[in-house]
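Chemist: Here you go, one structure.
The values are calculated or read from the model by the stated rules, or taken from the named source; none is laboratory data. Being a predicted model, the structure only gives us computed values, none of them experimental. We place every Cβ from the backbone using ideal geometry, glycine too, and count neighbours over all the protein chains shown. Side chains are part of the model used for accessible areas, which takes the heavy atoms of the whole protein and leaves out ligands, DNA and RNA. Shrake-Rupley method; radii C 1.70, N 1.55, O 1.52, S 1.80 Å.
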Amino acid sequence: MKYLSLSFILVLFGCLIVSACDGADGEVDAGLDAVDAQVDDAGTDPDIDNLPPAICFEIEESGPFALHFTEVSEQLDPRPNGLAMNGNSVTIADIDGDHWPDIVLARGRSDREDPEAPIGRYHLLRNDKGQALENWTWSSGLFATRDGAQGRGAQFVVFGDVDNDGDQDAFVTSRVDYGNEELPDPPSWFINQGDGSFVIGPEQWFSTDEIYAPLVSAALLDYDHDGNLDMFLGQHYARYGYMSSCTQDGLFRGDGAGGFSDVTVEAGLETWEINDYTAADATNHKPTWGVTACDLDGDGWDDLLSANYARMPNGVYRNTGGTFEDLTLSSGLAHDDIEEFRDNEFYKCYCRYHQSHPICEDAPLPRLNCQGLENAWQPDFDDQHYRLGGNTSNLICGDLDNDGDTDVLRVELTHYHVGISSDLTGLLYNQGFPDEAFVAPDMEDTGLVRDHVGWWNEGDLGGALADLDNDGRLDVLVASSDYPDTYMLLWQQQVDGSFVGICHDTNTCLARAHGLAVVDYDRDGDYDLVVGTTTQRWYAADNPPRPDRDYVYVYRNDTGQSSNKLMLHLTGAGAPMGANRNAYGARIEVRAGSDLYVRQVQGPHGLNGFQHDPLVIIGVGAHCQVDEVRIKWPNAEGTEEVFGPVQANYVLNIVEGQGLIYQTLEEYAPRG
């Protein structure tokens, strides 16, 4: 690869606004609201003479490009303990508006922390221009309590601008479940004061149940396109293992000022207590693990997905313009088609003690010690289709095959003893949803396979789809659990659409890699990795050996910055007529010759709050200029804006209805 542009030209040109330059000296007005871009009726800038100087990387091949990562954890936090922190949850947000992405880590506990003697249940780390991570945990006010103390309980934290003032507010969550009914710190929104400090918002109850709020996941979206952010909240068991204790997942409508109201039933998302009928048609309350909002059918409205534990079907709810229809069983996303249960070790143990039951005829002998497992498997329940799916932790959306529609990575936790009916982590391709079901290709064909010897776990609790080498193809990352023999996994997409596992080649096969975020922490134009670990189930005899503490690792991407890409920062105009300020749900289409790249701006999702860099990076391979960039905004009118041609390797700062500002990375996120 060869870098062709002259850096001194960029200093002379500064920021450039498509169809309007702000002053003869090229200086840009810092207030984006003052931009007065002249755009024609179609939203396309007709004047290509205002394009900035070309920045181009000469690419002699179409990729993929060899990925190299450097672990920089000690450089970013050189203190003796450094990033010796638990990272069950890793979320990313720009809390102070400087365009440098900050990091929140959480351990997944709902009880309080002692700020005088903290044990590291959570951390807020401010990104100091890619050079260091500053600990703002206590000074930010993010973990204050309503009684005026510090150290509230926090299961995980996600971010969105719920009061439409241009900064990122925070939803600090906790689980109100069995034995924990009087939790002092139920989930609450914290309102950003504009400088990265927070004050607690209105006291509200975020559950459809009057007593329990076993919250495990939160997706932010604007489901009704009124310009305000709403929430879809996933609820687990209220009492672990008791299906009757499951609670309705809830949709909460935002008022644009930090308040929310329960609209679950009126939006068409009601489910019911489990019985033979509701279980059969998948309308029962389920122990949700992760919820996701993304546009599956390309109509501009975010649909809702619920990834469910206990091998229950995953929920799929199509947004029909502010109300939802349940397409769970027809979607192809609920579970796979394998319903063989006779290799389930719990079934074998049941039959060892109930040999006369007809279902146990010719049952194989168990490999487990069955003591205590006499009734761990139940006929007429565990042999039904609604109990032969997977333990799904996340449903992750992205256009994997660059055909313009949304595909899904289904992430599963699987144990050897369950047998072949338990779903495995894999890809599902959109064949024309909702008219056609999603289809899972053969695992061997995709390359997302793993070798197992003896007793094994695939403890996948999350992941990401991201183009790490900026070749235009999404790669697959999977985060693990704390079970033995589980690692973070990285598969790189090839030209033919298959995937090759490269975590060993890139030194990223991190054991017990629990939390994961893709983020351009150093603002060089590619996605780096922040990975959190946990030692909860890590025993002295395990291999690799147990580390002395939990650690969070930062891996700098040394490949993607040398490929051509577009970097987009989108801002919605907000209520009453514009898109939500975060632009969650906005669709981005990039066309370059015959190549199409589609991404969606997505907010938090998945088990324990996966949230990645708000800066959208789209690799465009050998293209130094693209023909057009089309933005479809999630607003009441479904407005589209089209810009083109567009130079690559700039940040495209786009405010809804106000044109496009070109910025170099240095201008977007100054280092000085």
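Chemist: Of all residues in the range 46-66, count the ones that are at pLDDT 85 or above and either in a loop (DSSP other than H, G, I, E, B) or under 24 Å from Leu490 (Cβ atoms) (or both).
Modeler: First pass over the range 46-66, keeping only residues at pLDDT 85 or above: 51-59, 63-66.
Filter again for either in a loop (DSSP other than H, G, I, E, B) or under 24 Å from Leu490 (Cβ atoms) (or both), leaving 51-57, 59, 63-66.
Residues that pass the stated criteria total 12.
Chemist: While we're on this one: Can you confirm whether the range 527-544 contains a residue that is assigned to a strand (DSSP E or B), among the hydroxyl-bearing types (Ser, Thr, Tyr), surrounded by 24 or more Cβ atoms within 10 Å (Cβ to Cβ) and over 17 Å from the mean Cα position of the chain (by Cα)?
Modeler: So far as the range 527-544 goes, yes, one or more of its residues are assigned to a strand (DSSP E or B), among the hydroxyl-bearing types (Ser, Thr, Tyr), surrounded by 24 or more Cβ atoms within 10 Å (Cβ to Cβ) and over 17 Å from the mean Cα position of the chain (by Cα).
Chemist: Of all the residues that make up the range 57-78, how many are over 16 Å from Leu124 (Cα atoms) and either open to solvent by less than 10 Å² (accessible area, probe 1.4 Å) or not acidic (Asp, Glu) (or both)?
Modeler: 14
Chemist: Let me spell it out: the conditions are (1) open to solvent by 10 Å² or more (accessible area, probe 1.4 Å); (2) at pLDDT 90 or above, and Ser89 meets all of them except one. Which number is the exception?
Modeler: Result: Ser89 passes all but (1).
Chemist: Looking at the range 380-490, what strands (runs of 3 or more DSSP E) fall wholly within it and have at least 2 residues that are surrounded by fewer than 21 Cβ atoms within 10 Å (Cβ to Cβ) and free of Cβ contacts under 8 Å to residues at least 40 places away in the same chain?
Modeler: No strands (runs of 3 or more DSSP E) qualify here.
Chemist: Would you check which residues across the range 133-147 are open to solvent by 30 Å² or more (accessible area, probe 1.4 Å) and either part of a strand (DSSP E or B) or under 17 Å from Gly201 (Cβ atoms) (or both) and list them? Lay out the reasoning, then the answer.
Modeler: Step one: list which residues in the range 133-147 are open to solvent by 30 Å² or more (accessible area, probe 1.4 Å), which gives 134-136, 138-139, 146-147.
Passing the criteria: Glu134, Asn135, Arg146, Asp147.
Chemist: Considering only the range 170-188, how many residues are surrounded by fewer than 23 Cβ atoms within 10 Å (Cβ to Cβ) and within 22 Å of Asn228 (Cα to Cα)?
Modeler: The total comes to 1.
Chemist: May I pose another question? Checking Leu229 against (1) open to solvent by less than 30 Å² (accessible area, probe 1.4 Å); (2) under 22 Å from the mean Cα position of the chain (by Cα); (3) under 21 Å from Gly141 (Cα atoms): exactly one of these is not met. Which one?
Modeler: (3)
Chemist: Of everything in the range 116-130 that's loosely packed, with under 13 Cβ neighbours inside 10 Å and of a type outside the set (Val, Ile, Thr), which residue is nearest to Asp195 (Cα to Cα)?
Modeler: Residue satisfying both the conditions and the ranking: Glu116.
Chemist: To continue, here is another question. Would a scan of the range 148-155 turn up a residue that is over 23 Å from the mean Cα position of the chain (by Cα), modelled with pLDDT under 95 and in a strand (DSSP E or B)?
Modeler: There is at least one residue in the range 148-155 that is over 23 Å from the mean Cα position of the chain (by Cα), modelled with pLDDT under 95 and in a strand (DSSP E or B).
Chemist: Another one. Restricting to the range 569-579, name every residue that is assigned to a loop (DSSP other than H, G, I, E, B) and of a type outside the set (Gly, Ala, Ser). Spell out how you get there, then give the answer.
Modeler: Restricting attention to the range 569-579, the residues satisfying the condition of being assigned to a loop (DSSP other than H, G, I, E, B) are 572-579.
Of everything in the range 569-579, those that are assigned to a loop (DSSP other than H, G, I, E, B) and of a type outside the set (Gly, Ala, Ser) turn out to be Pro576, Met577.
Chemist: Right, something else. Looking at the range 197-211, is at least one residue under 29 Å from Ser393 (Cα atoms), open to solvent by 10 Å² or more (accessible area, probe 1.4 Å) and touching a helix residue (DSSP H, G or I) at 6+ places or on another chain (Cβ under 8 Å)?
Modeler: The answer is no; no qualifying residue exists.
Chemist: Do any strands (runs of 3 or more DSSP E) lying entirely in the range 580-623 carry at least 1 residues that are within 20 Å of Pro101 (Cβ to Cβ) and touching a helix residue (DSSP H, G or I) at 6+ places or on another chain (Cβ under 8 Å), and which ones are they?
Modeler: Where strands (runs of 3 or more DSSP E) fall fully within the range 580-623 and carry at least 1 residues being within 20 Å of Pro101 (Cβ to Cβ) and touching a helix residue (DSSP H, G or I) at 6+ places or on another chain (Cβ under 8 Å), they are 616-621.
Chemist: Follow-up. Looking at the range 156-174, which of its residues are assigned to a strand (DSSP E or B) and among the small types (Gly, Ala, Ser)? Give the derivation first.
Modeler: Let us first name the residues in the range 156-174 that are assigned to a strand (DSSP E or B), namely 157-160, 169-172.
Selection gives Gly160, Ala170.
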